[in-house]
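The values are calculated or read from the model by the stated rules, or taken from the named source; none is laboratory data. Quick caveat, the model's predicted, so the values are computed rather than measured. Don't worry about glycine lacking a Cβ; one is built from the backbone with ideal geometry, like all the others, and counts go over all protein chains shown. Side chains included, ligands, DNA and RNA excluded: accessible areas come from the protein's heavy atoms. Shrake-Rupley method; radii C 1.70, N 1.55, O 1.52, S 1.80 Å.
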Amino acid sequence: MTDSVLPRHPESATESSQLIQWISRFVMRMAIATLLLMAIGSATRVMNAGLACPDWPLCYGELVPRQQMNLQVFLEWFHRLDAALLGLSSLALFGVTWWNRRQLPAWLPWSATLVVSLIVFQGALGGLTVTELLRFDIVTAHLGTALLYFTTLLVIRMALVPYQGTGTVGQLPWVSLSAAVFVYAQSILGALVGSQWALHQCFGAAQLCQVMNSHIAGVVPASLATIATVWLAWRTPALSPLLRQFANWIAGLLVLQVALGIATFRLHLQVEPLTVAHQAIGAGLLGTLVAFTVLALRDRASAKATESTTSSGQSLPSAQSEPA
């Protein structure tokens, strides 16, 4: 995928390849840090630590609140620290890609621009969650943007990683893309349940039950689309080993996510680690589906390019054999 953008000179080609590999690894580290950030954010919410730091962007007017530090304050403070580091990393990615844009794929600097835009918007939402006292729509948008940021990083990573497809994916990319969209929508519904404490409200006062039930009903299309992705991948002959491995991961994450969802529901969200794990595994499932989709689309594109090259090569001799 990246060969076409490399300079003709061998020395420049080597430098460009090394730069792309560095960016790929850097982006993957950012994606892992984002997954950790979302897990910490979930822990902050379920432990009622969202307003442990009453001001923003500082915490009790300090960069490190030593006197007020406890578990809740630490969770909120560390959540902000991780977010700040991701912000700096996004700016670094933006600067590196635009500075070296002639050695990189044309789409990469623009993708880095999108990454910076999302993290700036995310930071603004983070501040509003504090100043607006955890208003549920802002909290939900905060998670939704974090997931978009996370998946954007994974798209960049999967577009840069070396990959050789087999050209057998067929319609599999569109099935997995549909599954990713359903899982993202289900994550947003879960955020609405969590940000409004809908499960507690429904069990305690029979309120907001429609919000909770919408999340429960959303399990069906998300699960069916994910199962269809795995089933088609398992039944596709000569599928790339990497795609088959991703399909196995998707199957395992789906089973684990459904089990965690049932457990958190039956325990009424009383076990905080289960609730945090439920959100983290959901984000992991979404990310794996997105990674699978990008690789499958690359597989499909390479197959079409091969067919085009083959057909052009076959038509050349016949054209040359015609009399002048």
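Summary of computed values
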item: Counted residues, the range 207-220 - those being part of a helix (DSSP H, G or I), open to solvent by 30 Å² or more (accessible area, probe 1.4 Å) and not β-branched (Val, Ile, Thr); result: 6
item: Which numbered condition Ser223 misses (of (1) outside any helix (DSSP H, G or I); (2) open to solvent by less than 30 Å² (accessible area, probe 1.4 Å); (3) of a type in the set (Gly, Ala, Ser)); result: (1)
item: Which numbered condition Val64 fails, given (1) modelled with pLDDT of 90 or more; (2) under 30 Å from Leu192 (Cα atoms); result: (2)
item: Some residue of the range 274-281 being in contact with a helix residue (DSSP H, G or I) (Cβ under 7 Å, 6 or more places away or on another chain), open to solvent by less than 40 Å² (accessible area, probe 1.4 Å) and under 24 Å from Ile156 (Cβ atoms); result: yes
item: All positions within the range 78-90 that are open to solvent by 70 Å² or more (accessible area, probe 1.4 Å) and in contact (Cβ under 8 Å) with a residue 40 or more places away in the chain; result: Leu85
item: Qualifying residue in the range 23-31 (condition: at pLDDT below 90, among the hydrophobic types (A, V, I, L, M, F, W, C), closer than 24 Å to Val139 by Cα and open to solvent by less than 70 Å² (accessible area, probe 1.4 Å)); result: no
item: Selection from the range 198-215 of residues that are within 21 Å of Ala277 (Cα to Cα) and without any contact (Cβ under 8 Å) to a residue 12 or more places away in the chain; result: Asn213
item: Filter result for Val258 (under 30 Å from Leu134 (Cβ atoms), part of a helix (DSSP H, G or I), without any contact (Cβ under 8 Å) to a residue 60 or more places away in the chain and over 17 Å from the mean Cα position of the chain (by Cα)); result: yes
item: Unique residue being assigned to a helix (DSSP H, G or I) and closer than 30 Å to Ala303 by Cβ when the list is Ala263, Ala277, Ala251, Ala238; result: Ala251
item: Matching residues in the range 60-77 - criterion: being in a helix (DSSP H, G or I) and either open to solvent by 70 Å² or more (accessible area, probe 1.4 Å) or not hydrophobic (A, V, I, L, M, F, W, C) (or both); result: Leu71, Gln72, Phe74, Glu76
